[in-house]
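K.L.:
Let me begin by handing over the structure; questions about it come next.
The values are calculated or read from the model by the stated rules, or taken from the named source; none is laboratory data. Bear in mind the structure is a predicted one, so any value in this text is a computation, not a measurement. Neighbour counts are summed over all protein chains in view; Cβ atoms, including those assigned to glycine, are modelled from backbone coordinates with ideal geometry.
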Amino acid sequence: MPIPMNRGAFALAGSSLAFKTGTWRSAKPVHVHAAAPCHGACPAGEDQQAWLALLQEGHPQQAWESLVAANPLPSVTGRVCPHPCESACNRGHYDSPIAIHAVERWLGDQAIQNNWPYPRLPGSPRPERIAVVGAGPAGLSAAYHLARRHYNVVLMDAMPAAGGLLRSAIPPTRLPRDVIDAEIRRLLAVGIEFRPRAALGRDITLEELRSEFDAVFLAVGAGKSRHWDVDGAVPADLHEGLGLLREWLAVGAIPKPNAVVIHGGGNTAVDLARVMRRAGVRDVHVVTASGLPGPDTDPDDVLNVVPRELEQAIEEGVQFHPHRTINRLIMRGSKVVGVEMVRLKKLPDGHGHKARVSFEGTETVLHVDMVVPAIGEVVDPTGLGAILNGRDFIDTDMFGTIAGHPGLFAGGDCRGWIKKLTNGTVSAAIGDGRRAAEGIDALLSGRSPMEASRPALPFADLNLAYYESAPRIALPTLPLSQRDDSREIEGGPDTSQALAEAARCFSCGNCLACDNCWTLCPDNAVLKTRETCSDGSHYLFDYEFCKGCGLCATECPCGFISMVNDD
Amino acid sequence: MLEALEGSQAIARAVALCRPGVVAAYPITPQTHIVENISKLVADGKLNTELVSVESEFSAASVVLGASAAGSRSYTASSSQGILLMTEVLFNISGMRLPVVMTCANRAIGAPINIWNDHSDSMAVRDSGWIQLHCADNQEAVDTTIQAFRIAEATELPVMVCMDGFVLTHTLETLEIPDQDLVDRYLPPFVFNRMLDPQNPLSLGTLVGPEYFSETRHLAHEALNQSASTIVDVDREWQNLTGRSAGGLLSVEGPDDAKIGVLAMGSVVSTFREAMDCLAAEPAKLMALRAFRPLPEEAIRSACAGLDHLVVVDRALSPGFGGIVGGEIKAALSGMKDAPQIYNVAIGLGGRDVPLEMWPRLLDVPKQGGGFRILDLEPAKLGEMS
Amino acid sequence: MIEVRIHGRGGQGNVVAAYLLAAAAFETGRHCQAFPSFGAERRGAPVTAFVRIADQTIRRRCQVANPAFLIIQDSGLLHIPATMEGLLPQGGVLVNSPRTSTELTQEYGRPMTALPASALAQDILGRPLPNVALLSAFAALTGLMPADALIKALAHRFKGDILERNTKLIVAAGQLVDAGAWKEVAHA
Amino acid sequence: MSEMNDPRARQPRFRGLEAGHRACQGCGEALAARLVTESAGPDVILTNATGCLEVFTTPWPQSAWRVPWLHSLFENSAAIASGVEAALKAQGRRSKVIAMGGDGGTFDIGFQALSGMLERMHNVLYVCYDNEAYMNTGIQRSGSTPHAARTTTSPPGKERMGKRHLKKDLLSIIAAHHIPYAASASVAYPQDLRRKVRRAMEIDGPTFLLVHSPCPLGWGHDGSETIQVARLAVQTGLFPLVELERGEVASVMPLRQRVPVAEYLCRQARFRHLFADDDHRAQEEREHLQALADYNIERYGLDGDGDDPFDADGADTIRRGGPANS
């Protein structure tokens, strides 16, 4: 029956809902939930955008809980991590990156101060027992993530206190000992049994562990210095960097030559250089094949150092020689009196890799009376037997699985590098621990391990019209004159600073609940919901009416909406 | 009460008795005195209405359209070029079935510009879907104005009350202005159930495509046709209250056995009524066509029964065709058994005086035969055909 | 039925005169009709208005072609042939003029009644508006209505001082003509 | 839809213009009308000039309007609004009347009715959705079409570079009516638009709002770029956002930084001929448009002074949970 024409052809309010304009659409908007670049760049696997969002909403404890869902040591990493998240931060293309580390540190410190308990995942206790060998960042992380999943975890370490290289290799000027103590104490309270003074190969064997436990995670670190020489020449009194740093941290002793050259481009090199400089060494040189951060330097080629540490080192008088290597030791007898440097670069070798190419004719000489190699460490094979099998590191997949050794996992500095997963940082070790916990849980649950992976949102996908420039917070730094070997040099943000910094977050790839899509849809086809939808937004697309114009996608500030073919 | 009033003043008083909510006013000769008089009533506090003095007839029509849609009894008046400027809106008002009442002080259309009376203006909007009622004198104009609101609101169709410019609007004469009580009893307050109302938000004035447009036109046609009975009923009720009929659809005077009839509209009817009485001429029927729209075909046919000749008087013409009323009457009688022979003339164009002596001349037309012509044409003034 | 034609110039209150005369007739219980010649003329141009007075309903709406009376507000209009056109042979002509009736009668070869209406109005109203004085004289000449009817009709339009002065004018003008002189024509 | 029961019925805002209307994808006018009616709320009566908005919202038997709505003709929106308002007054009802029209129905054919309405001081908010040409009939030039723009009746060619004449300065004409409030707004700045609607709604008397509403079809840009294009019109100074009280400039939206008009022009096919390499007239016309923008900036004092939360850069800043300036 056709609708009967009425008097004067009037129409009823809102009767257009009978006309479904969704049929006009050839492309439709979807919520893509791309990863913020910070998340993608984080070796620990944090979703910084997510916890910054919670902080923006005024929920600091929830923000911390979100943070520790990946990284249980925010007070530590907030201080020591070179924060590749900030290098990746899209805000860097706009004004300056979010000071994520500062907010992370603030959240960690708030948790300590307020004694927020580490949350566990929902679930019931598991009967399986798991051994974690080595209570450094990787071990702590794995133990924590397993405990979160209700496993019985025994964490053992050769040293009397948990912390690993946090205690043995990082100066208190960067990481105060009370911070380590507080955070680890609280972490262990999640329900982790800690056995100190239990060294693999000395106090326990791998075989014992394997029979006693359902799975074993090896996080023994890389405790043995890598062999170093220059064309076979080695000074008689050679001290390697990590050893000197550990000795200084343990007993406070440091050699004081007139001039020293430290060969290496990592935190050990920089930390040691600063310790020696502050101890009174006149000339402290760092020779590194990497470059200093700058617009012309490839991010892969930059010194693997916390950027502000580098700035502070330069400020303190450490002299850096980037893109150089030591070509020759100038010896007087067995004693070093100088080194010859040559310029080099890491260039493509034509096989998809990069090779170091030194440039003849660029040699220069440094007059020094001490050379300290800090080019990295390898795994101490003690107690590892066949696992190491003569190599410097243990080979694993991304979940720490060691091929041919079911139930045995490894992570942290002791395992071989997997590009993008490991760069020898604390955060990378924490990420290893977290993924190994997933690997172990998957094994014990009879499933395949999973690691969520989302593409990162490119800067170009943001709509900058909706953001205002805002300065990055400036953190208090101890003046040069007041710096010593014990006081923490960089201070943390206060509450208002932390909140202001969190508010700067673009929320890349994640719904800001800004209402733009809802406000700007000409077709009333975006609906707002009181509850958070399953995809993390507060909006639904009403595809019955959406014509697919794409206005919402263009005007979404954070790239949360994208148009896809509507087949 | 019997009063001596100028036609325009009488219309203003009649409108005021109907308690319109909104009146739109714009001057044009010879209508101006109506809105002037209404303005004076408003200024003197004798009429409580929203008087909107607009900037054009186009807006006058638009204002009453809006006001009517918003549920107010609405009135305006115009003439000639003003009616033509309103044309677009007039079609709209009827298409939306809005019960607006308007007085058309009939006047010629330029060029050449001419401010005097004929029916060119209302004829030009013949097809606008309005009811068109013509008045022979100012009493009929007063009574028809009051009836028009009843008709409009009962049928939800707009009504145009046509009264000859100057001849009626500017003539002071004796007439009866009814009491307010009587009009209030006759005309209940306006209730419009399609009213624009946030509590019941309708959309008025929609787009209708080919799939429904024919139906809207059919309904408009039927609505006009069916309004005929309302026009008759409403006039009968008025007659019961006042003793006066305003002429129904068509009124007929003269001896039943007359063989010749004259059909006319407007003030010439009044002159012919006197001429029938005072001039020696053959017996004839005078048909006063009050309702030009809807055209009362049946009433016209039965009035013509027994006539040999019918002279249809037009006060306008359609160049290239002839008299408009004449054409329509021919169509109305087409196929009628023993239909009278129809003759069509136009007279009194652009204010040319229609004297009493026009009556015998009209009765003489069948003897002369011939097609449509302007009867009071003065050939001497034509000069060379150009 | 009595038919009257009023001649004047735009701005002299010609139409008002016609309306007043008709309204005054209405006050005496008669039917009346008054209308202007519907011109587009502006101030100063010759204009015409018509009045019909009868005991029955007046239905004809044509212009008055053969008036029984002419009221001429401006004697200058006498020079226009159209002014006298159609006047019934026995009809009366009332002219606003400072001259005497005799002078006018001699000059135009037919009876004319003169009234210095402008001067009178200037004296009493302060403005040389001849129409009310002429109407009063017309009422007196024809005996169609008492001065009171004219005053009543005026009272619908004016009040206060203006009405008082016009009343005075009506009385004064009525006394200047030969009351009842046109009675026969008016009752023919 | 599965997430909640009928979320459309539970939207935390008033919907004056419902889904299911038939506007083009990315229609600026539909968006503007949606925003205006949302801000105005339910106690209004709308009138609508003939045009796209009328056609795409009310193909019988359907209507997208949730408020009473009246359409009559192209040129009489203001006049029928006058009538509606007079009726409301006569009946003692207090609903606000909003008259709507496009630029053709406002700048051109309906201009007289608008002027009359303003002069008579009707309590009506008149909203002109300005998309700078007769779009409903297929893109013909109007009094509002900018200089040099291509339309089907101002095509560029050997003798012409698009529209020969200038965009009519309607706001100044409106200002000359000395009405209580008149403003220009843009769909690119919805918070500003809403504020202006609310402001106008509060005033008992005639008010006027000129809303720049891009037409993707007529301007030749993608429907997804409607807001971007509208924003650039403001940021270049070509469409200044100003508020007038009793005809005097009361406030303006400052420009934090001037954007060259070429950035606005190059996004629209209607200005494509202004980028022809081999035509010296192209640069001349671009410079002309730049000069017009500069003139606007100077005339209304649009140059901002530092960062202003309500300038053309800051006005629509968002933060988590909504607009920053709401």
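K.L.:
Please go through segment D:74-105 and pick out each residue that is within 7 Å of another protein chain (Cβ to nearest Cβ), surrounded by fewer than 24 Cβ atoms within 10 Å (Cβ to Cβ) and either part of a strand (DSSP E or B) or hydrophobic (A, V, I, L, M, F, W, C) (or both).
P.N.:
D:Ala90
K.L.:
Separate question: List pairs: first in segment A:204-223 and over 13 Å from A:Gly385 (Cβ atoms), second among the β-branched types (Val, Ile, Thr) and modelled with pLDDT of 95 or more, Cβ under 6 Å, 6+ apart or cross-chain?
P.N.:
Pairs that qualify, where the first residue is over 13 Å from A:Gly385 (Cβ atoms) and the partner is among the β-branched types (Val, Ile, Thr) and modelled with pLDDT of 95 or more, are A:Phe213/A:Ile130; A:Ala215/A:Ile130; A:Ala215/A:Ile440; A:Phe217/A:Val132.
Here's the yes/no breakdown for (1) out of contact with any helix residue (DSSP H, G or I) (no Cβ under 9 Å at 6 or more places or on another chain); (2) under 22 Å from D:Lys168 (Cα atoms); (3) surrounded by 15 or more Cβ atoms within 10 Å (Cβ to Cβ); (4) modelled with pLDDT of 95 or more:
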{"position": "D:Thr236", "(1), (2), (3), (4)": "no, yes, yes, yes"}
{"position": "D:Glu263", "(1), (2), (3), (4)": "no, no, no, yes"}
{"position": "D:Phe275", "(1), (2), (3), (4)": "no, no, no, yes"}
{"position": "D:Asp278", "(1), (2), (3), (4)": "yes, no, no, no"}
{"position": "D:Glu285", "(1), (2), (3), (4)": "no, yes, yes, yes"}
{"position": "D:Tyr295", "(1), (2), (3), (4)": "yes, yes, no, yes"}
{"position": "D:Gly306", "(1), (2), (3), (4)": "yes, no, no, no"}
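K.L.:
Checking the structure you have, find out if any residue of segment B:183-204 is modelled with pLDDT of 95 or more, out of contact with any Gly (no Cβ under 9 Å at 6 or more places or on another chain), within 28 Å of A:Ser15 (Cβ to Cβ) and outside any loop (DSSP other than H, G, I, E, B).
P.N.:
Yes, there is a match, as at least one residue in segment B:183-204 is modelled with pLDDT of 95 or more, out of contact with any Gly (no Cβ under 9 Å at 6 or more places or on another chain), within 28 Å of A:Ser15 (Cβ to Cβ) and outside any loop (DSSP other than H, G, I, E, B).
K.L.:
Moving to a separate point now. Report yes if some residue within segment A:135-147 is part of a loop (DSSP other than H, G, I, E, B), aromatic (Phe, Trp, Tyr) and touching a residue at least 40 places away in the same chain (Cβ under 8 Å); otherwise report no.
P.N.:
No, there is no match, as no residue in segment A:135-147 is part of a loop (DSSP other than H, G, I, E, B), aromatic (Phe, Trp, Tyr) and touching a residue at least 40 places away in the same chain (Cβ under 8 Å).
K.L.:
Let me ask something else. Hey, A:Ala53 hits all of (1) facing chain D (nearest Cβ under 10 Å); (2) outside any helix (DSSP H, G or I) but one; which does it fall short on?
P.N.:
Evaluating A:Ala53 over (1) facing chain D (nearest Cβ under 10 Å); (2) outside any helix (DSSP H, G or I) leaves (2) as the failure.
K.L.:
Then there's this: Where residues in segment A:276-298 are among the acidic types (Asp, Glu) and closer than 19 Å to A:Val357 by Cβ, which of them is surrounded by the most Cβ atoms within 10 Å (Cβ to Cβ)?
P.N.:
Step by step, filter segment A:276-298, then rank; the result is A:Asp298.
K.L.:
Confirm whether D:Thr57 is at the interface with chain B (Cβ under 7 Å from one of its Cβ atoms) and within 20 Å of the chain's Cα centre (by Cα).
P.N.:
So D:Thr57 does not fit the description; no.
K.L.:
Please enumerate the residues belonging to segment A:106-137 that are out of contact with any strand residue (DSSP E or B) (no Cβ under 9 Å at 6 or more places or on another chain) and crowded, with 22+ Cβ neighbours inside 10 Å.
P.N.:
A:Trp106, A:Leu107, A:Gly108, A:Ala111, A:Gly136, A:Pro137
K.L.:
Which of the residues belonging to segment A:6-27 are assigned to a loop (DSSP other than H, G, I, E, B) and touching a His at 6+ places or on another chain (Cβ under 9 Å)?
P.N.:
A:Phe19
K.L.:
If only one of B:Arg290, B:Arg236 is under 30 Å from B:Gln180 (Cβ atoms), in contact (Cβ under 8 Å) with a residue 60 or more places away in the chain and among the charged types (D, E, K, R), which one is it?
P.N.:
B:Arg290
K.L.:
Something else: Consider A:Leu272 against the criteria (1) within 28 Å of the chain's Cα centre (by Cα); (2) over 23 Å from A:Leu175 (Cβ atoms); (3) not aromatic (Phe, Trp, Tyr): it satisfies all of them except one. Which criterion is unmet?
P.N.:
It fails just one condition, (2).
K.L.:
Here is a list: B:Val208, B:Val232. Which entry is out of contact with any Lys or Arg (no Cβ under 6 Å at 6 or more places or on another chain) and over 28 Å from B:Ile146 (Cα atoms)?
P.N.:
After ruling out the rest, the residue left standing is B:Val208.
K.L.:
Hey, does segment D:168-189 have a residue that's over 12 Å from the mean Cα position of the chain (by Cα), assigned to a helix (DSSP H, G or I) and within 14 Å of chain A (Cβ to nearest Cβ)?
P.N.:
No - not one qualifying residue is present in segment D:168-189.
K.L.:
Could you please find all residues in segment B:154-170 being surrounded by fewer than 24 Cβ atoms within 10 Å (Cβ to Cβ) and more than 9 Å from every other protein chain (Cβ to nearest Cβ)?
P.N.:
B:Ala154, B:Thr155
K.L.:
Ok, one more. Out of all the residues in segment A:28-36, is one or more in a helix (DSSP H, G or I), under 48 Å from the mean Cα position of the chain (by Cα) and buried (at least 17 other Cβ atoms within 10 Å of the Cβ)?
P.N.:
Scanning segment A:28-36, I find no residue that is in a helix (DSSP H, G or I), under 48 Å from the mean Cα position of the chain (by Cα) and buried (at least 17 other Cβ atoms within 10 Å of the Cβ), so the answer is no.
K.L.:
Inspect all residues belonging to segment B:317-324 and state whether any of them is within 14 Å of another protein chain (Cβ to nearest Cβ), under 25 Å from the mean Cα position of the chain (by Cα) and on the phi > 0 side of the Ramachandran plot.
P.N.:
No.
K.L.:
What number of residues within segment D:9-50 satisfy the criterion of being within 9 Å of chain A (Cβ to nearest Cβ), out of contact with any helix residue (DSSP H, G or I) (no Cβ under 8 Å at 6 or more places or on another chain) and either assigned to a loop (DSSP other than H, G, I, E, B) or buried (at least 19 other Cβ atoms within 10 Å of the Cβ) (or both)?
P.N.:
The number of residues fulfilling the criteria is 3.
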